[in-house]
Amino acid sequence: MSNHDIQDVVSLAKRRGFVFPSSQIYGGWEATYDFGPLGTEILRTLKNLWWENFIHRKPNVVGLDSAIISHPRVWEASGHVDSFADVMVEDKKTQKRYRADHLIEDTLNIPTDGFTPQEFDELIGKNNIKSPDNNELSQAKYFNQLVEVQIGTTSDTKSTAYLRGETCQPIFYNYGLVKDSMRMKLPFGVGQIGKAFRNEIKVGPFFFRTREFEQMEIEMFLHPSEASEQLETFKTESMEWLTSLGISKDKLKFREQEFKERAHYNKIATDIEYSFPFGWKEFQGIHYRGDWDLTRHGEFSGHSFVEKIEETGEEFVPHIVEYSIGLSRLLLVLLSDAYTKEEDRLVLKIASHLAPYKAAVFPLVRNKPEITERAKKIFADLNLHTPTAFDDRGNIGKRYLSQDEIGTPFCVTIDYDTLDDGTVTVRDRDSKEQIRIAETKLVDYILTNTSV
Ligand code: ATP
């Protein structure tokens, strides 16, 4: 079990520039967050690592960067307009809305995934369940999660469109264009990193569930006979990648979704869950979507997605195996996992290749110009190679603590000996051990110990 709760992570994230409540000067905006300078650095690193690992290194996977607002028919074809819905109940007095499944699970401690509004009404009636404010609840009803936007220049020409509810739909409707322009042969994949939007009824904790979030997805198009092998490949590669990010293995697990909780398009759905301070929760899904997507886009657009195997003459619509991870949720996994309270300090034990700064350079004292100048030169050299911080405030102990909190793997101190013999002190974040190395070897040392 972790020795901290999510509020500890919230406060560190805000105080040290990882994640801010959005629009704070206007009183904040529910469940919306802005990533601060240090959070942004980790997100950029994650995106690059992911792209390299899952797209660049795969000869049969290419990338896409699609529009956020696409033709509204896309979301009719995908089934989201009709069935992208949670069941909601409303407090009759306060008008606060709740997800029926969360309310029942909290009260009765039974799983209710996939229950219909009628099933929820029965449970609420039979068990006399009230709202958290102890008021009567309304009848349960479906609540569509697509975020609508009005597009057009004048009020009478405006039409309704949707912000994408998942990044994969544009991958599906671009299937033919990607395949022909890139001369891809089945099986092949298309990956995308980008924002998705969902009108979630229940948000939080912190930025675990928000209405605007970023996903990293790959859709593998294949013959149905290749699906189970691809599912296994994604499972293995996912765990390998997640553990390469330094996430504790014992806090990660697979969970097969039951039939009732699966989305309308999924034949098989495996979640990867992390043991957050608020319990085991999903942050990645691996899904076998069958031929649902291309068949539906075929029906709604009139475009044919049928492929033919020359040798056998077999015709089929490509099936899809999907890898989908929430980038922002992954950042919450990493911050929760790295947050470590020790007796005398708070350390963010994040993998060194993910740390926002790989090193920090300190002049031992401020009143000795030769030391300050030398420190600034060493900082400038190192910063050319890797993100580096410079700090000359307060005493050395406080500077160490300040870098520990933001996960800087190495602190480099320039002192009187540096002026004499050209060596510097390098202090390790996790062990607190200090070694002395030649200034000329510093760049190599930091790069070697902070690369993947
Ligand atoms: P949940 O059950 O948590 O709402 P989901 O099963 O609907 O998620 P998917 O549609 O499979 O999620 O999306 C894939 C991934 O996208 C999730 O594993 C999660 O990391 C991320 N994700 C989905 N919804 C949100 C959200 N509202 N806020 C942040 N991340 C999200």
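The values are calculated or read from the model by the stated rules, or taken from the named source; none is laboratory data. Just so we're clear, the structure is a prediction, and the values are computed from it rather than from any experiment. Here the Cβ is made from the backbone with ideal geometry for all residues, glycine too, and neighbour counts use every protein chain on show. The accessibility values were calculated without ligands, DNA or RNA, using every heavy atom of the protein model including side chains. Shrake-Rupley method; radii C 1.70, N 1.55, O 1.52, S 1.80 Å.
Where residues in the range 1-30 are of a type in the set (S, T, N, Q) and within 24 Å of TYR339 (Cα to Cα), which of them is least open to solvent (accessible area, probe 1.4 Å)? Walk me through it before giving the result.
So in the range 1-30, the residues of a type in the set (S, T, N, Q) come out as 2-3, 7, 11, 22-24.
Restricting the remaining residues to those that are within 24 Å of TYR339 (Cα to Cα) gives 2-3, 7, 11, 22.
Numbers: SER2: 32, ASN3: 91, GLN7: 117, SER11: 64, SER22: 13 Å².
Checking each candidate, the answer is SER22.
Hey, could you check the range 31-45 for residues that are out of contact with any strand residue (DSSP E or B) (no Cβ under 8 Å at 6 or more places or on another chain) and surrounded by 15 or more Cβ atoms within 10 Å (Cβ to Cβ) and say which is farthest from ASP404 (Cα to Cα)? Quick ask: steps written out before the conclusion?
Of the range 31-45, the ones out of contact with any strand residue (DSSP E or B) (no Cβ under 8 Å at 6 or more places or on another chain) are 31, 37-38, 40-42, 44-45.
Next, from what is left, pick out any that are surrounded by 15 or more Cβ atoms within 10 Å (Cβ to Cβ): 31, 38, 40-42, 45.
Values: ALA31: 28, LEU38: 13, THR40: 18, GLU41: 17, ILE42: 16, THR45: 19 Å.
Residue satisfying both the conditions and the ranking: ALA31.
Answer with yes or no whether PHE208 is within 15 Å of the ligand (Cβ to nearest atom) and either touching a residue at least 24 places away in the same chain (Cβ under 8 Å) or open to solvent by 20 Å² or more (accessible area, probe 1.4 Å) (or both). Break it down into steps so the answer makes sense when it comes.
Details: within 15 Å of the ligand (Cβ to nearest atom): yes; either touching a residue at least 24 places away in the same chain (Cβ under 8 Å) or open to solvent by 20 Å² or more (accessible area, probe 1.4 Å) (or both): yes.
Judged against the criteria, PHE208 is a match.
How about the range 338-373: which of its residues are farther than 22 Å from THR448 by Cα, among the hydrophobic types (A, V, I, L, M, F, W, C) and in a loop (DSSP other than H, G, I, E, B)?
Within the range 338-373, the subset farther than 22 Å from THR448 by Cα is 339-346, 363-373.
When the remaining residues are screened for being among the hydrophobic types (A, V, I, L, M, F, W, C), the result is 346, 364-365, 371.
Listed by number, the residues that qualify are LEU364, VAL365.
Could you say whether any residue in the range 179-189 is open to solvent by less than 10 Å² (accessible area, probe 1.4 Å), of a type outside the set (Lys, Arg) and more than 15 Å from the ligand (Cβ to nearest atom)?
Within the range 179-189, one or more residues are open to solvent by less than 10 Å² (accessible area, probe 1.4 Å), of a type outside the set (Lys, Arg) and more than 15 Å from the ligand (Cβ to nearest atom).
Could you figure out which of (1) over 30 Å from VAL9 (Cβ atoms); (2) modelled with pLDDT of 95 or more; (3) charged (D, E, K, R) isn't true of GLU342?
(1)
Go through the range 402-452 residue by residue and tally those that are farther than 23 Å from PRO369 by Cα, in a helix (DSSP H, G or I) and in contact with a strand residue (DSSP E or B) (Cβ under 9 Å, 6 or more places away or on another chain).
Adding up the residues that qualify gives 8.
Identify, from the list MET216, MET220, MET239, the residue that is within 16 Å of the ligand (Cβ to nearest atom), surrounded by fewer than 20 Cβ atoms within 10 Å (Cβ to Cβ) and hydrophobic (A, V, I, L, M, F, W, C). Give the steps one after another, and end with the answer.
Details: MET216 fails: surrounded by fewer than 20 Cβ atoms within 10 Å (Cβ to Cβ); MET220 fails: surrounded by fewer than 20 Cβ atoms within 10 Å (Cβ to Cβ).
Going through MET216, MET220, MET239 in turn, just one is within 16 Å of the ligand (Cβ to nearest atom), surrounded by fewer than 20 Cβ atoms within 10 Å (Cβ to Cβ) and hydrophobic (A, V, I, L, M, F, W, C): MET239.
Assess whether GLY194 counts as being within 13 Å of the ligand (Cβ to nearest atom) and open to solvent by less than 20 Å² (accessible area, probe 1.4 Å). Lay out the reasoning, then the answer.
Working: within 13 Å of the ligand (Cβ to nearest atom): yes; open to solvent by less than 20 Å² (accessible area, probe 1.4 Å): yes.
Here the answer is yes, as GLY194 does meet what is asked.
If we scan the range 292-307, do we find a residue that is within 16 Å of the ligand (Cβ to nearest atom) and modelled with pLDDT of 95 or more?
Within the range 292-307 (the criterion being within 16 Å of the ligand (Cβ to nearest atom) and modelled with pLDDT of 95 or more), the answer is yes, since at least one residue qualifies.
Here is a yes/no grid of residues against (1) at pLDDT 95 or above; (2) small (Gly, Ala, Ser):
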residue	(1), (2)
VAL361	yes, no
ASN367	no, no
LYS376	yes, no
VAL412	yes, no
GLY422	yes, yes
ASP428	yes, no
GLU439	yes, no
ASN449	yes, no
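Just checking: which of the strands (runs of 3 or more DSSP E) contained wholly in the range 126-230 hold 2 or more residues that are of a type in the set (A, V, I, L, M)? Please lay out each step first, then the result.
Details: elements: 141-144, 147-151, 159-163, 188-197, 212-222.
Qualifying strands (runs of 3 or more DSSP E): 147-151, 159-163, 188-197, 212-222.
State yes or no: is THR167 open to solvent by 30 Å² or more (accessible area, probe 1.4 Å) and of a type outside the set (A, V, I, L, M)?
No; evaluated as a whole, the condition is false for this residue.
If a residue has to be open to solvent by less than 60 Å² (accessible area, probe 1.4 Å) and within 21 Å of GLU200 (Cα to Cα) to count, how many in the range 131-145 make the cut? Give the steps one after another, and end with the answer.
The initial filter retains those residues of the range 131-145 that are open to solvent by less than 60 Å² (accessible area, probe 1.4 Å), namely 131, 135, 137-138, 140, 143-145.
Now drop any that are not within 21 Å of GLU200 (Cα to Cα), which leaves 131, 137-138, 140, 143-145.
Summing the residues that are open to solvent by less than 60 Å² (accessible area, probe 1.4 Å) and within 21 Å of GLU200 (Cα to Cα) in the range 131-145 gives 7.
From the set of residues in the range 46-73 that are farther than 18 Å from ILE350 by Cβ and basic (Lys, Arg), which is most open to solvent (accessible area, probe 1.4 Å)?
Restricting to residues being farther than 18 Å from ILE350 by Cβ and basic (Lys, Arg), the top hit is ARG57.
Has the range 48-57 got any residue that is of a type in the set (Val, Ile, Thr) and either within 24 Å of PHE197 (Cα to Cα) or in contact (Cβ under 8 Å) with a residue 60 or more places away in the chain (or both)?
So in the range 48-57, the residues of a type in the set (Val, Ile, Thr) come out as 55.
Those still in the list that are either within 24 Å of PHE197 (Cα to Cα) or in contact (Cβ under 8 Å) with a residue 60 or more places away in the chain (or both) too: 55.
Yes, because at least one residue in the range 48-57 is of a type in the set (Val, Ile, Thr) and either within 24 Å of PHE197 (Cα to Cα) or in contact (Cβ under 8 Å) with a residue 60 or more places away in the chain (or both).
For the range 370-399, enumerate the residues that are of a type outside the set (A, V, I, L, M, F, W, C) and open to solvent by less than 80 Å² (accessible area, probe 1.4 Å). First the steps, then the outcome.
Keep residues of the range 370-399 that are of a type outside the set (A, V, I, L, M, F, W, C), which gives 370, 372-374, 376-377, 381, 383, 385-388, 391-395, 397-399.
Answer for the range 370-399, where residues must be of a type outside the set (A, V, I, L, M, F, W, C) and open to solvent by less than 80 Å² (accessible area, probe 1.4 Å): THR372, ARG374, ASP381, ASN383, THR386, PRO387, THR388, ASP391, ASP392, GLY394, GLY397, ARG399.
When you check TYR288 against the structure, is it within 18 Å of TYR175 (Cα to Cα), within 13 Å of the ligand (Cβ to nearest atom) and assigned to a strand (DSSP E or B), yes or no? If you could, list the steps in order and put the result at the bottom.
Working: within 18 Å of TYR175 (Cα to Cα): yes; within 13 Å of the ligand (Cβ to nearest atom): yes; assigned to a strand (DSSP E or B): yes.
When the stated conditions are applied, TYR288 passes them.
Per-residue answers, yes or no, for (1) assigned by TED's automatic domain parsing to the domain that holds GLU214; (2) in contact with a Phe, Trp or Tyr (Cβ under 8 Å, 6 or more places away or on another chain); (3) open to solvent by 10 Å² or more (accessible area, probe 1.4 Å); (4) of a type in the set (A, V, I, L, M, F, W, C):
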site	(1), (2), (3), (4)
ALA360	no, yes, no, yes
ARG366	no, no, yes, no
LEU401	no, no, yes, yes
CYS411	no, yes, no, yes
ASP420	no, no, yes, no
ASP430	no, no, yes, no
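Has the range 257-270 got at least one residue that is at pLDDT 95 or above, assigned by TED's automatic domain parsing to the domain that holds VAL190, away from the ligand (no atom under 13 Å from the Cβ) and farther than 23 Å from PHE54 by Cβ?
Within the range 257-270 (the criterion being at pLDDT 95 or above, assigned by TED's automatic domain parsing to the domain that holds VAL190, away from the ligand (no atom under 13 Å from the Cβ) and farther than 23 Å from PHE54 by Cβ), the answer is no, since none of the residues qualifies.
Here are some residues: SER244, SER248. Which one is open to solvent by less than 50 Å² (accessible area, probe 1.4 Å) and more than 16 Å from the ligand (Cβ to nearest atom)? I'd like the intermediate steps shown before the answer.
Values: SER244 fails: open to solvent by less than 50 Å² (accessible area, probe 1.4 Å).
Answer to the check: SER248.
Go through the range 307-346 residue by residue and tally those that are over 28 Å from ILE55 (Cβ atoms) and crowded, with 21+ Cβ neighbours inside 10 Å.
Total satisfying the criteria: 1.
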